[in-house]
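The values are calculated or read from the model by the stated rules, or taken from the named source; none is laboratory data. This structure is a prediction, so every number in the text was calculated from the model and none was measured. Methodologically, a virtual Cβ is constructed for each residue, glycine included, from the backbone with ideal geometry; neighbour enumeration extends over all protein chains shown. We work out accessible area using only protein heavy atoms, side chains counted, and drop any ligands, DNA or RNA first. Shrake-Rupley method; radii C 1.70, N 1.55, O 1.52, S 1.80 Å.
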Number of protein chains: 2
Amino acid sequence: VEHYAAAIRAIRENSDLLVHPTLGQNTVKGHEERIRHIVELSKDSKLRPDIVGIDTGSANIDVYDASKKAFRTGDKVYVNAHETLMLFCRRLRECGVKPSLVAWTGPFLRSAGALMDMGLADEPGYALLVHCEGGILGGNPGTPDGLKAFLDQMPKSRHMEWTVCCKEGNLFTVAMMAIALGGHVAIGIGDYDYPELGTPSNAQLVREIVHMARLVGREVATPAETRRILGLCQPPN
Amino acid sequence: VEHYAAAIRAIRENSDLLVHPTLGQNTVKGHEERIRHIVELSKDSKLRPDIVGIDTGSANIDVYDASKKAFRTGDKVYVNAHETLMLFCRRLRECGVKPSLVAWTGPFLRSAGALMDMGLADEPGYALLVHCEGGILGGNPGTPDGLKAFLDQMPKSRHMEWTVCCKEGNLFTVAMMAIALGGHVAIGIGDYDYPELGTPSNAQLVREIVHMARLVGREVATPAETRRILGLCQPPN
């Protein structure tokens, strides 16, 4: 908690950026434990995160090495039972933190729709569509078909905002589709380092996205505008 | 094992139908235990099953009741780790039994492709595409988009035969697509009882599929033809 608190303090002293930390994934045991740092941070409105992602389903996440025809591991199943998701949604609501509904496959979005239907996640729903490359087989691939497999299963008759990322692969094909279709883009060297583009910096990657968005008349949202679009809590102070 | 053996003996004394039993799912503990009955049966070529399904991924399988806005259960995650799948493929190969690669989402087929790539499942690959309705949210829905989300992630450059079913929902929309696109159809009242069609018998359901297949010039395969299409072992005796 203290590490998170220090980082959040530093961010907020220097900017109005939204703070979007992770939950504990496989490294943390116990459902309450996975979200405890968020609950603790939120007791101080200055440290309360803005958005927290919850993965709305279960999937196999071993990496397959096609050149060696072998999985690097064989036992990695990322388990997120529905009762865990319901608990996370309740805790985030108590904290005043917006859930990002993170999907690896279309059916994750069916479960996200059920969470919204149960009143555990508010409209607009905020979905992160995680495309998987680099041998991660448990999610949709980073292709137009992969994106379509998500969008076809988006909760119907709900106001959804959605953004795309790609683990271990080049996001630009999917990002162009998302920009064209009204989605948002989460790009960064934490997901993939783009050696084929000369290992650009995060700033360079974001600049490319901004450039393309403006070509189709979509201006980039400020943090304050993003708060309004997603219905987030007001900023600290 | 004795129950399986008695059923298989009775089937084979009266027909040349293919025998396609299940593995132990959530009810059986331990990976070897889930497949032990198949290994035991296969020691006698008269009792060896023809096809056995293995679910090539993990998913949440709780049922959501939309009318009550609640899940009936909250903790049901169907876990099939890659190392389990590799074990099942090896055992089935030792037994001379064809694996049916059962997919609930597109990424299950990415894992199925890796199993084929590793030489653990032979061409033609045989995929069962499980569409999920009736509140089962962990698989693709029983819609044309749901089918497309499977087909787009079918292993590329592999000879695949594929068949469709729908848990707890009307399969006919997807079945028509499958017939048109060159797929196969697995329909039956074990998946859904079709009250909207007057709770027909299995024979009536199958007759409808046969009728549609012939309308587009696709004759129905006999068991012997199916053995050739899927590359199964020769029949007992």
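Here are the numbers:
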read-out: Residues of the stretch A:156-167 satisfying the condition of being more than 28 Å from residue A:202 (Cβ to Cβ) and more than 11 Å from chain B (Cβ to nearest Cβ); value: A:157, A:158, A:159
read-out: Tally of residues being open to solvent by 10 Å² or more (accessible area, probe 1.4 Å) and closer than 23 Å to residue B:131 by Cβ across the stretch B:79-99; value: 3
read-out: Residue count for the stretch B:130-147, restricted to those that are at negative phi, of a type in the set (Gly, Ala, Ser) and more than 7 Å from chain A (Cβ to nearest Cβ); value: 2
read-out: Restricting the stretch B:110-140 to residues that are of a type in the set (Gly, Ala, Ser) and over 18 Å from the mean Cα position of the chain (by Cα), the residue that is nearest to residue B:60 (Cα to Cα); value: B:135
read-out: For residue A:166: the one exception among (1) among the hydrophobic types (A, V, I, L, M, F, W, C); (2) in contact (Cβ under 8 Å) with a residue 40 or more places away in the chain; (3) in contact with a strand residue (DSSP E or B) (Cβ under 8 Å, 6 or more places away or on another chain); (4) under 26 Å from residue A:18 (Cα atoms); value: (2)
read-out: Condition check for residue A:52: surrounded by fewer than 20 Cβ atoms within 10 Å (Cβ to Cβ) and at pLDDT 95 or above; value: no
read-out: Enumeration of residues in the stretch A:30-69 that are β-branched (Val, Ile, Thr), outside any loop (DSSP other than H, G, I, E, B) and touching a Gly at 6+ places or on another chain (Cβ under 9 Å); value: A:35, A:63
read-out: Condition met for residue A:107 (over 18 Å from the mean Cα position of the chain (by Cα) and modelled with pLDDT of 95 or more); value: no
read-out: Residue among A:44, A:50, A:62, A:55 that alone is more than 30 Å from residue B:103 (Cα to Cα), of a type in the set (D, E, K, R) and under 20 Å from the mean Cα position of the chain (by Cα); value: A:50
read-out: Failed item in (1) open to solvent by 20 Å² or more (accessible area, probe 1.4 Å); (2) aromatic (Phe, Trp, Tyr); (3) under 15 Å from the mean Cα position of the chain (by Cα), with residue A:71 passing the rest; value: (3)
read-out: Of all residues in the stretch B:67-124 being of a type in the set (S, T, N, Q) and either in contact with a His (Cβ under 6 Å, 6 or more places away or on another chain) or without any contact (Cβ under 8 Å) to a residue 24 or more places away in the chain (or both), the one that is farthest from the other protein chains (Cβ to nearest Cβ); value: B:67
read-out: Residue among A:185, A:174 that alone is touching a helix residue (DSSP H, G or I) at 6+ places or on another chain (Cβ under 9 Å), within 14 Å of chain B (Cβ to nearest Cβ) and within 20 Å of residue A:210 (Cβ to Cβ); value: A:174
read-out: Criterion violated by residue A:160 - all others in (1) without any contact (Cβ under 8 Å) to a residue 60 or more places away in the chain; (2) at positive phi; (3) not acidic (Asp, Glu) satisfied; value: (2)
